[in-house]
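Participant: For reference, the structure I am asking about is given below.
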Amino acid sequence: MKQRILGKVALVVSVALLLTGPPVSAAAEAGLPDPPPVQTSAEALQQDLTLVAQAKGWTLAQAKADHRAAEIIGELAGKVARERPEIFIGSAVNPQPGGAPTLYVKGPADAFVDRLVAGAGIDIVVKDGQPYAFGELEERQLTVHKALVAYGFKSVATSVDLAGAGRIPAEVTKEPGVDSRPGAVLAAMPQNLRSRVDLAVRDEPVTSLEYGFGGERMRGAAVQCTSGWPILASGGLLPGITTAGHCDGINEIDWTDAGLSYPTTPQVQHRRAWGDIEYHFGPTIQAGVFYASSTDVRAAKSVEAVSSISVGESVCQYGRSSNVRHCSPEVDSVSVTCTFAPFPYATERLVGTDNDVGIGGDSGGGWSFSDTAYGSHVGNCDNGEVFSAADYYDEALGISVWLAP
């Protein structure tokens, strides 16, 4: 959702500022205030586990058990994706904290899967015998999404259902002059897929954009957004910072809350097959550093592979507009496609969550857990927040999160 504000406009951006020497020296040389101290990995993890426990009514021990299970099943699923992509579907954590997570496999589980599960160190449920691998599920979902847009809907959300044996959840918003009766809509879908579409037709919008160092303010022409991550770029492009692709007009960044602003220059933008992302070149950038909240600064040490993201996994969102670190959202789909009115195209391969915690101005802000980068905020789709996966930044723009040493 684009947030219009009167007078001078702030846009939230990432703390990431490119640095070749120690943070204090580089900041001083650039005439910038020193950033707050960076949390240790242990401090970052403890804070997010505490926020998860508070949001879900769990004990800290339960949050730790849930995170451990998510880490183990995510690593195992990533191995299947890399070594046996033809059978890889995905994974899900148990709704009960620390309960046995689930691995989904196309066809019968073979000796390779059995060995991984046996060596995992925790109980894992293997749901094999599934008819489609992840790539096939994603292609079916994209085919239905494009058919719904071609039919005339302008606000559309479709997703991949790992546990649905090929079911395709789809939501659309009624459009004037478009026959929105479910029977008529389904009849217009591809014949081989229409019986597998779980369609919901809504009166209210099913998608909205939330325009808005990671987590710093940026300014533009009457819009507000948040930055995400420091990045390195290929092809001779300058290092810089990310924000959301739909944050058009951004040309200035605030340095923390010191009241200082510096110009930024948009480099490239992508809003199609690999998410909603752009990057800017600006002042000095510090490798890996991002704001986890308005007072907590962390160093990103890793990027979560999409194949290692599990349904039901807790992930945290922070944007400068809402200015709260939210750890209540859980992943409910690792591949969501959204068409945001009035834009006539689909934004694909977003990660979907089950909770609407962001507000206008949060777009572009980082999604993370502890010191791991998951992605950058886009908006609301299918009744939950969606973010662009950091794992896909290379496919989208030829960039990658610049991790801390």
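Bear in mind these aren't lab numbers, they're just calculated from the coordinates by the rules spelled out. On a predicted model such as this, the values are computed, not experimentally measured, just so you know. As a convention, Cβ positions derive from the backbone with ideal geometry for all residues, glycine included, and neighbour counts pool all protein chains shown.
Participant: Relative contact order for region 223-379 using alpha-carbon pairs under 8 Å, separation at least 6, rounded to a whole percent?
Facilitator: Relative contact order here is 26 percent.
Participant: If I stretch the segment between ASP114 and LYS127 completely, what's the gain in nm (0.36 nm per residue apart, minus their alpha carbon distance), one decimal?
Facilitator: 3.5 nm
Participant: Also, quick follow-up: Could you give the size of the charge dipole of the chain about its Cα centre, using +1 on the Cβ of each K and R and -1 on the Cβ of each D and E, expressed in debye and rounded to the nearest 20?
Facilitator: 500 debye
Participant: I've got another one for you. Suppose R0 equals 35 Å. What FRET efficiency, 1/(1 + (r/R0)^6) with r the Cβ-Cβ distance, do GLU71 and GLN267 give to the nearest 0.05?
Facilitator: 0.55
Participant: Under a straight-distance cross-link criterion of Cα-Cα below 20 Å, which aspartates and glutamates are reachable from LYS146, leaving out those fewer than 8 residues away in the same chain?
Facilitator: Leaving aside aspartates and glutamates fewer than 8 places away in the same chain, those within reach of LYS146 are GLU136, GLU138, ASP161, GLU171, GLU175, ASP179, ASP198, ASP276, GLU348, ASP382.
Participant: Output ³J(HN,Hα) for region 377-382: one whole-Hz value per residue in order, computed from phi by the Karplus curve 6.51 cos²θ - 1.76 cosθ + 1.60 with θ = phi - 60°, and x for Gly and Pro.
Facilitator: 5, 10, x, 10, 8, 6
Participant: Among GLN54, ILE122, THR40, whose Cα lies farthest out toward the positive end of the dipole of the chain, if unit charges sit on the beta carbon of Lys, Arg (+1) and Asp, Glu (-1)?
Facilitator: Of the listed residues, the answer is GLN54.
Participant: While we're here: Calculate the FRET efficiency for ALA163 and SER293 from the Cβ-Cβ distance with a Förster distance of 45 Å, rounded to the nearest 0.05. Can you show the working numbers first?
Facilitator: Working: r = 34 Å, r/R0 = 0.74.
About 0.85, to the nearest 0.05.
Participant: Could I ask something else about it? Going down the list LYS56/LYS154; LYS127/LYS301; LYS64/LYS301; LYS56/LYS106; LYS79/LYS127, which pairs span over 28 Å between their C-alpha atoms?
Facilitator: Violating the 28 Å Cα-Cα cut-off are LYS56/LYS154; LYS127/LYS301; LYS56/LYS106.
Participant: By how many nm would the segment from LEU186 to GLU83 lengthen if fully extended, with 0.36 nm per residue of separation less the alpha-carbon distance? Intermediate values should be presented prior to the final figure.
Facilitator: Numbers: separation 103, 0.36 × 103 = 37.08 nm, distance 3.71 nm.
Here the answer is 33.4 nm.
Participant: Can you compute the FRET efficiency between SER302 and GLN54 using 1/(1 + (r/R0)^6), with r the Cβ-Cβ distance and R0 = 30 Å? Round to the nearest 0.05. Please report the intermediate quantities before stating the final value.
Facilitator: Numbers: r = 25 Å, r/R0 = 0.83.
Calculated transfer efficiency: 0.75.
Participant: Sort TRP58, TRP274, TRP402 so that the residue with the fewest other Cβ atoms within 10 Å of its own Cβ comes first and the one with the most comes last. The partial results should precede the final answer.
Facilitator: Numbers: TRP58 17, TRP274 20, TRP402 23.
Going from sparsest to densest Cβ surroundings: TRP58, TRP274, TRP402.
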